[in-house]
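Report on one structure; see the data block that follows.
The values are calculated or read from the model by the stated rules, or taken from the named source; none is laboratory data. From a predicted model like this one, the values you see are computed outputs, not experimental measurements. Here Cβ is always computed from backbone atoms with ideal geometry, including for glycine, and neighbour counts include all displayed protein chains. Note: accessible area is taken over every heavy atom of the protein model, side chains too, but ligands, DNA and RNA are not part of it. Shrake-Rupley method; radii C 1.70, N 1.55, O 1.52, S 1.80 Å.
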Amino acid sequence: MWEYTDKVKHYFEEPVNVGVVEDADGVGEVGSLACGDALKLTFKLGPDGRIADARFQTFGCASAIASSSALTEIIKGMTLEEASKVTNRDIANYLGGLPKEKMHCSVMGMEALEAAIANYRGEEIKKEQEGEIVCECFGITDREIERVIRENHLTTREEVTNYTKAGGGCEGCHDKIQDILNRILAEEKGKPVEKKKEEAPRKKLTNLQKIKLIQETLDREIKPALQADGGDIELIDIEGNRVLVALRGACSACSAAEVTLKGYVETKLREFVTDELVVEEVK
């Protein structure tokens, strides 16, 4: 399991500003259920032009809920000009930090805020302006990857995955991500790089703990999402770090079953149990 700060735990267990603002001035929606995370942010301005109310609805993990809740607290009282300068690092810092593998939750919050402000201003982000799709599994473009690398001073492909999810599915885009990273690092060579805080290594699980966490994660995080689409999943066996599963219902005949297994099921299990797990389907 990840090591969460007390503030992350607090905002997960007792989130504030949950829901939708009536007659919202700005609405921003980002993410998708295919990625395992989705966020809707709404806000309303007061007579003084500052954000008087902000609320959120999210489908995601503890970090996604905590990040969304924190975001609404951060932007209340701000002008739109001030809110437009809020970054994902501001959200993570507000929470006292996030596990490196969960930084994409703070990025999702920042993107929802940008989308809500753009909605208020009547601006429309054209798809072709967002760049070329690099990660087909999660629909992440080269421009999204480049921006997150620059804004967060990322230096490894693994960090890019932690912040954007790009490369966390079939892994077929790893070379493209590395090319983008190499280009940016070459461009910024010689510039001072912000030193990153080292994070504590994850606790080693016993076999019994790992099996229990896998089953709990399937029941709590994965099955409800699949069942909502008419599918399901069954744990068949666990051999070391190999998790053998069978897809049921609509998932068993889905043409995107491999993406579901690698891009969603395996990602979730790595997130909540250990990043050494490999999910394989048993026919």
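Take the residues in the range 32-58 that are among the hydroxyl-bearing types (Ser, Thr, Tyr) and either at pLDDT below 90 or in a loop (DSSP other than H, G, I, E, B) (or both); name whichever of them is farthest from residue 88 (Cα to Cα).
32
Reported count of residues in the range 232-267, each being at pLDDT 80 or above and touching a Gly at 6+ places or on another chain (Cβ under 6 Å), is 2. Of the set (1) in a helix (DSSP H, G or I); (2) open to solvent by 40 Å² or more (accessible area, probe 1.4 Å), all apply to residue 85 but (1). Of the residues 117, 91, the single one that is in contact (Cβ under 8 Å) with a residue 24 or more places away in the chain, more than 30 Å from residue 273 (Cβ to Cβ) and either of a type in the set (A, V, I, L, M) or not in a helix (DSSP H, G or I) (or both) is 117. Counting the residues of the range 20-31 that are at pLDDT 90 or above, among the β-branched types (Val, Ile, Thr) and open to solvent by less than 40 Å² (accessible area, probe 1.4 Å) gives 1.
Taking the conditions (1) open to solvent by less than 70 Å² (accessible area, probe 1.4 Å); (2) within 24 Å of residue 97 (Cα to Cα); (3) at pLDDT below 80; (4) aliphatic (A, V, I, L, M) in turn, residue 166 satisfies each one other than (3).
Scanning the range 202-213 for residues that are part of a helix (DSSP H, G or I) and either touching a residue at least 24 places away in the same chain (Cβ under 8 Å) or over 14 Å from residue 276 (Cβ atoms) (or both) yields 208, 210, 211, 212, 213.
For the range 148-173, a residue qualifies if it is hydrophobic (A, V, I, L, M, F, W, C) and either in a helix (DSSP H, G or I) or under 12 Å from residue 138 (Cβ atoms) (or both), and the qualifying residues are 148, 149, 160, 166, 170, 173. Out of the range 133-147, which residues are of a type in the set (A, V, I, L, M) and either out of contact with any helix residue (DSSP H, G or I) (no Cβ under 7 Å at 6 or more places or on another chain) or in contact (Cβ under 8 Å) with a residue 60 or more places away in the chain (or both)? The one that is of a type in the set (A, V, I, L, M) and either out of contact with any helix residue (DSSP H, G or I) (no Cβ under 7 Å at 6 or more places or on another chain) or in contact (Cβ under 8 Å) with a residue 60 or more places away in the chain (or both): 133. Mind checking whether some residue in the range 59-66 is among the aromatic types (Phe, Trp, Tyr), open to solvent by less than 70 Å² (accessible area, probe 1.4 Å) and not in a loop (DSSP other than H, G, I, E, B)? No, the range 59-66 contains no residue that is among the aromatic types (Phe, Trp, Tyr), open to solvent by less than 70 Å² (accessible area, probe 1.4 Å) and not in a loop (DSSP other than H, G, I, E, B).
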